2 protein chains.
Amino acid sequence: MGQVQARMEAALARLLPAPEIAPQRLHQAMRYAVLGGGKRVRPLLCFAAGELAQAPAERLELAASAVEMIHAYSLVHDDLPCMDDDALRRGKPTCHVEYDEATALLVGDSLQTLAFQVLAEPALGTEAGAQLQMLRLLAQAAGSRGMAGGQAIDLYSVGKALSLPELEFMHIHKTGALIRASVLLGAHCGAPPAPAMLERVSHYAHCVGLAFQVVDDILDCEAPTATLGKTAGKDAAQNKPTYVSAMGVAQAKAWAESLRLEAREALSGFGAEAGRLRELADFIVLRKF
Amino acid sequence: MGQVQARMEAALARLLPAPEIAPQRLHQAMRYAVLGGGKRVRPLLCFAAGELAQAPAERLELAASAVEMIHAYSLVHDDLPCMDDDALRRGKPTCHVEYDEATALLVGDSLQTLAFQVLAEPALGTEAGAQLQMLRLLAQAAGSRGMAGGQAIDLYSVGKALSLPELEFMHIHKTGALIRASVLLGAHCGAPPAPAMLERVSHYAHCVGLAFQVVDDILDCEAPTATLGKTAGKDAAQNKPTYVSAMGVAQAKAWAESLRLEAREALSGFGAEAGRLRELADFIVLRKF
């Protein structure tokens, strides 16, 4: 994990515009928002799926960078005063607090553009048709029928009691779509993946994506701010429906555990080459931050 | 012009998610921001360049839709309170006034994603390598070293007196980059364009892009709000450096005229197939709104 995280830090630092290129303040803020923080869960998933597909690391680091840029853009916009209005992220002041709101808006916008640009570069080195498919995968996961749509549902759900299927619908969009894209992009970085293989890793990704959110909800009400690197207790304070509010802590924990086992079960047809994916299912559910 | 505008309205209405798809409010707001308004200058330029390149209209309408979605996203974000804080756009309340700030933020985000998705679809029907090049063209034009970078420079220039080269640098990014991309994408929708042809239309696009901004600055201080469909006199009120503030109205008008002639001169090697591009240079400079 440490190796992939270090590799990603270097790749992102290289792909982001240098801080001395005009407009400097925007480029500095983009680097601030992306570098030096984050668990890099999505890149880890991308690399793990890439191991299954025997994909070259040079290719995986570009695909994973694109996903991480989309993720970082969504955090910057999500933290803005008109959305979650949060001051702390990854243990640092949020982008609009460190810089200003207008800059943070443009940081998110520019990070999204850069994600698609990176995935469209010849450096990716896949066959052009496969590359277009990866671009479509990322766009579907990020857009109004994916992550951004999930944010909207989240926004319109404040103060409402959602049923469990409604909650799941929200999170499959808000977090699940991009996590699934991370895994699928990794799988697409190798030889053209067989449909049966894609189906299994896709089911794995579905379980892991949901588990990630269930655990996030549990940690939000159990872990301290210092450990999380972001404001704890935010969901309850903002009156947001969560798995904890919908089913209670004990049942949420049991459900996260069953999702972990289901994710591992989805990989049962694979051997040691799926080892990293199995470990990540454990990491995502058993993490304490 | 009316034909292309009607065709674009239909294409955009088809490509945008239907208003009854969840999350409905987001999709309704996306349609509100894009449909039923705007001069569609960028699509017109894309189609005009496509005529030069003998490109099929089905392909042009997808490329032009992608550009127009990027343009619409930039307007929605630019109108937000933390940016220009404007209440009127295309003769209607701005997106955040009609809906709310958080929705407008997600509308812009989702429109940008959709632009890249449209350009990555197999429906475009170009050779995959050429399609990737079009994606890179659009990403470079939209990102932090293009349009979004220009917005940042604009933001950081409020209250400053810019020199003419600084003003030009800002506008080449803020407006020029996407206008150039509109023309080049149109040219790429036909047979693989010759470098000499690209160089000439690129120079045309540079002149037209700058002229567009010079005229915008003139209209902002001369035309009434009702004609513009957006708040007039905004630049002076917000203390923004413009061509009018930098060189005066008379010289700005003379310069717009010389850019129009230079744009037409760039096309002198072409025949009737460049007719629409010539007409658009005239339209952009001689328009009254």
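Readers should treat all values here as calculations from the given coordinates under stated rules, not as data from a laboratory. All figures in this text were calculated on a predicted structure; none of them were measured in a lab. Here the Cβ is made from the backbone with ideal geometry for all residues, glycine too, and neighbour counts use every protein chain on show.
If you take the Cα atoms of the protein assembly as shown, find Rg, then find the Kirkwood Rh from the mean of 1/r over all pairs, what is Rg/Rh? Could the numbers behind the result be given before it?
On the way: Rg = 24.0 Å, Rh = 24.5 Å.
We get a ratio of 0.98 for the protein assembly as shown.
Under the definition of partner shielding as Cβ atoms of other protein chains within 10 Å of a residue Cβ, what is the mean value for peptide A:76-82?
Details: counts 0, 6, 3, 0, 5, 4, 11.
The shielding value for this peptide is 4.
Based on the Cβ-Cβ distance of A:E166 and A:Q238, what FRET efficiency does E = 1/(1 + (r/R0)^6) give at R0 = 22 Å, to the nearest 0.05?
Values: r = 17 Å, r/R0 = 0.79.
According to the calculation, E is roughly 0.80.
By average Cβ neighbour count within 10 Å, what is the ranking of B:129-140, A:19-30, A:233-244 from highest down? Working shown, then result.
Numbers: B:129-140: 21.2, A:19-30: 19.6, A:233-244: 17.1.
My ranking of the peptides, most packed first, is B:129-140, A:19-30, A:233-244.
Quick one: what are the phi-derived ³J(HN,Hα) couplings along segment A:74-91, Karplus 6.51/-1.76/1.60 with θ = phi - 60°, whole Hz, x for glycine and proline?
Listing the rounded values in order: 5, 5, 4, 6, 5, 7, 4, x, 6, 9, 7, 6, 10, 9, 10, 8, 6, x Hz.
Using a 7 Å offset from Cα along the direction of the beta-carbon, what are the separations from A:G233 to the same position in each other copy, nm, ascending?
For A:G233, the inter-copy label distances come out at 5.1 nm.
Just tell me how shielded A:167-180 is by partners: mean number of partner chain Cβ atoms within 10 Å of each residue's Cβ, no decimals. Write out the running numbers ahead of the final one.
Details: counts 0, 0, 1, 2, 0, 0, 2, 0, 0, 0, 0, 0, 0, 0.
The shielding value for this peptide is 0.
Which order do the peptides B:61-74, A:216-229 take when ranked by the mean count of other beta-carbon atoms within 10 Å per residue, highest first? Present the calculation step by step, with values, prior to reporting the outcome.
Numbers: B:61-74: 26.4, A:216-229: 16.5.
Packing proxy ranking, top to bottom: B:61-74, A:216-229.
Would you mind calculating the gained length between B:A87 and B:E127 on full extension (0.36 nm times residue separation, minus the Cα-Cα distance), in nm to one decimal?
On the way: separation 40, 0.36 × 40 = 14.40 nm, distance 4.27 nm.
Contour length minus the Cα-Cα distance gives 10.1 nm.
How high is the relative contact order of chain B, given as a whole-number percent (alpha carbon pairs under 8 Å, six or more residues apart)?
Details: 431 pairs, mean separation 60.4, N = 289.
It comes to 21 percent, rounded to a whole number.
Per residue of A:150-156, what is the mean number of Cβ atoms on other protein chains within 10 angstrom of that residue's Cβ? Numbers along the way, then the final one.
Numbers: counts 2, 7, 14, 4, 2, 8, 7.
Rounded to a whole number, the mean comes out at 6.
For segment B:115-258, just say rounded, prolate or oblate: build the C-alpha gyration tensor, square-root its eigenvalues into a ≥ b ≥ c, call rounded for a/c under 1.5, and beyond that prolate if a/b exceeds b/c, oblate if not.
Verdict is prolate for segment B:115-258.
Could you tell me what % of all Cα pairs in segment B:1-73 have separations over 19 Å? Present the calculation step by step, with values, prior to reporting the outcome.
Details: 826 of 2628 pairs.
The share of Cα pairs beyond 19 Å in segment B:1-73 comes to 31 percent.
How far is A:Q251 from itself in the other copies, in nm, if each label sits 7 Å out from Cα along the Cα-Cβ line, shortest first?
So the label point of A:Q251 gives 7.4 nm to the other copies.
What FRET efficiency comes out for A:V249 versus A:V158 if R0 is 22 angstrom and r is the Cβ-Cβ distance? Round to the nearest 0.05.
Working: r = 21 Å, r/R0 = 0.96.
With R0 = 22 Å, the Cβ-Cβ based efficiency is 0.55.
For chain B, what size does the Cα cloud have along each of its three principal axes, sorted from largest down, in whole Å?
51, 48, 32
Rounded to the nearest 500 deg cm²/dmol, what is the calculated helix-only ellipticity per residue at 222 nm for chain A, with -39500 (n - 2.57) per DSSP H run of length n ≥ 4? If you can, show how the numbers build up before the last one.
On the way: 16 runs with 200 residues, N = 289.
My calculation for chain A gives -21500 deg cm²/dmol from helical runs alone.
Testing the spin-label approximation: label points 7 Å from Cα along Cα→Cβ at B:E222 and A:T227. State their distance in nm.
Computed distance between label sites B:E222 and A:T227 equals 6.7 nm.
What do the square roots of 5 times the Cα gyration tensor eigenvalues come to for segment B:31-73, in whole Å, largest first, as semi-axes of the equivalent ellipsoid?
Values: eigenvalues 83, 18, 12 Å².
That gives 20, 10, 8 Å for the three semi-axes.
Placing unit charges on C-beta atoms (Lys and Arg positive, Asp and Glu negative, everything else neutral), compute the dipole magnitude of chain A about its Cα centre in debye, rounded to 20.
Numbers: 27 positive and 32 negative charges, 68 e Å.
Value, rounded to 20: 320 debye.
When the Cα centres of segment A:91-149 and segment B:232-258 are compared, how far apart do they sit, in Å?
35
What do you get when you divide the Cα radius of gyration of segment B:108-178 by 2.2 N^0.38 Å, with N the number of residues? Intermediate values should be presented prior to the final figure.
Numbers: Rg = 15.2 Å, N = 71, 2.2 N^0.38 = 11.1 Å.
Here the Cα radius of gyration is 1.37 times the empirical estimate.
For segment A:175-232, what does the alpha-carbon gyration tensor say about shape, rounded, prolate or oblate, given a ≥ b ≥ c as the root eigenvalues, a/c under 1.5 as rounded, and a/b over b/c as prolate?
On the way: a/c = 4.82, a/b = 2.74, b/c = 1.76.
Prolate shape, in that a/c is at least 1.5 and a/b is the bigger ratio.
What does the charge count near B:Y156 come to, summing +1 for each Lys or Arg and -1 for each Asp or Glu among other residues with Cβ under 13 Å from its Cβ? Numbers along the way, then the final one.
Details: positive: A:R25, B:K160, B:K174, B:K240; negative: A:D100, B:D154, B:E166.
Charge balance near B:Y156 sits at +1.
Please work out how much length the chain gains when fully extended from A:Q5 to A:E20, using 0.36 nm per residue of separation minus the C-alpha to C-alpha distance, in nm with one decimal. Walk me through the numbers on the way to the answer.
On the way: separation 15, 0.36 × 15 = 5.40 nm, distance 2.50 nm.
Extra length from A:Q5 to A:E20 when fully extended: 2.9 nm.
Return the subset of A:K230/B:K92; B:K39/B:K253; B:K39/B:K240; B:K230/B:K253 for which the Cα-Cα distance in this structure is over 31 Å, preserving the input order.
Working: A:K230/B:K92 39 Å; B:K39/B:K253 21 Å; B:K39/B:K240 24 Å; B:K230/B:K253 21 Å.
Flagged as over cut-off: A:K230/B:K92.
List the distances, in nm and shortest first, from the label point of A:F283 to the matching label points in every other copy, placing each point 7 Å from Cα along the Cα-to-Cβ direction.
From this label point to the equivalent ones elsewhere in the assembly: 5.4 nm.
Can you tell me the FRET efficiency between A:H203 and A:F283 if r is taken as the Cβ-Cβ distance and R0 is 25 Å, rounded to the nearest 0.05?
Values: r = 19 Å, r/R0 = 0.74.
Step by step, r from the Cβ atoms, then E = 0.85.
Between segment B:150-170 and segment B:13-46, what's the alpha-carbon centroid distance in Å?
With segment B:150-170 and segment B:13-46 each reduced to a Cα centre, they are spaced 30 Å.
Each residue of segment B:37-54 in order: what ³J(HN,Hα) in whole Hz does its phi give by Karplus 6.51 cos²θ - 1.76 cosθ + 1.60, θ = phi - 60°, with x for Gly and Pro?
Taking θ as phi minus 60°, the curve returns x, x, 7, 6, 4, 5, x, 4, 5, 4, 5, 5, 5, x, 5, 4, 8, 6 Hz for segment B:37-54.
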